Amino acid sequence: MDVEPGLIAIVIWMAVVILWWSGWRKELSAGLPEWGLTLFLVLWPFAYSRTVALAGIGEINLGAALILASALTVLSGMQTIRRWTALAAGLLIASVALFTNKLTLMIPALLVSNPHWILAVMIGALTVMLLRNPVEQWIALTFGFTLSAVAEAWLRAEPRGWIVLGDSEWMAVWWLAIGSSRCLSSLAARMAKAWGKLGLRKGGQRS
């Protein structure tokens with residue numbers, strides 16, 4: 001049974017909100033200002049409910065516009081090396097996303113299983129392998145999925161160049177990738193911490 005993409009995005013957003021107000025702010029903010037992330041979580045569902053035209057070239061969901069504006073704001077304040085690292089990873093993510101989207105169209109059997117959600121989680125995992133910093137992961141995923149959507153719009157035969165950015169499927173994929181990357185990053189950090197404690201204990205026993 002197919003799951004409505006918009007429902008996936010809303011469910012993940014609700015899960016993040018619940019975690020945020022139940023004491024997981026440090027883990028979720030990852031160094032970002034807590035007031036900024038709080039404002040984002042409050043505004044996103046209202047922005048997601050509206051779409052505006054882009055002067056005859058397409059349309060953009062205001063939820064996606066909020067995501068892009070937030071990413072650009074954070075990107076502008078990052079160190080140059082971190083900024084280019086995140087953007088380079090985003091370019092790779094865009095290539096992977098574009099390739100996998102085209103691959104599913106070429107293999108009809110994949111369309112039956114609706115692989116977009118699995119691919120989103122896989123791209124989230126790829127982002128964790130490319131970048132350690134959660135903020136850089138978020139920038140890379142946002143930039144990558146945006147670039148992939150724009151490139152896919154221009155590659156279509158008809159209507160040529162018509163861009164629809166931030167539809168329910170794009171939003172579901174973005175939330176799934178962000179959620180999976182954040183979960184994997186947190187899990188890896190906890191495992192590294194536990195491994196470090198184990199190493200200290202063994203070192204103490206040897207001494």
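The values are calculated or read from the model by the stated rules, or taken from the named source; none is laboratory data. Predicted model only: the values in this text are computed from it and were never measured. Positions of Cβ are backbone-derived with ideal geometry, glycine not excepted, and every protein chain shown enters the neighbour counts. Side chains included, ligands, DNA and RNA excluded: accessible areas come from the protein's heavy atoms. Shrake-Rupley method; radii C 1.70, N 1.55, O 1.52, S 1.80 Å.
At-a-glance table
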{"quantity": "Which of 26, 193 is most accessible, then next, and so on - probe 1.4 Å", "calculated": "26, 193"}
{"quantity": "Peptide ranges 64-75, 47-58, 134-145, 86-97 listed from the most packed, as the mean C-beta count within 10 angstrom indicates", "calculated": "134-145, 86-97, 64-75, 47-58"}
{"quantity": "Accessible surface, 1.4 Å probe, highest first, among residues 190, 83", "calculated": "190, 83"}
{"quantity": "Whole-number accessible area per residue in Å² for region 1-87, which is evaluated in the context of all protein chains at 1.4 Å", "calculated": "62 Å²"}
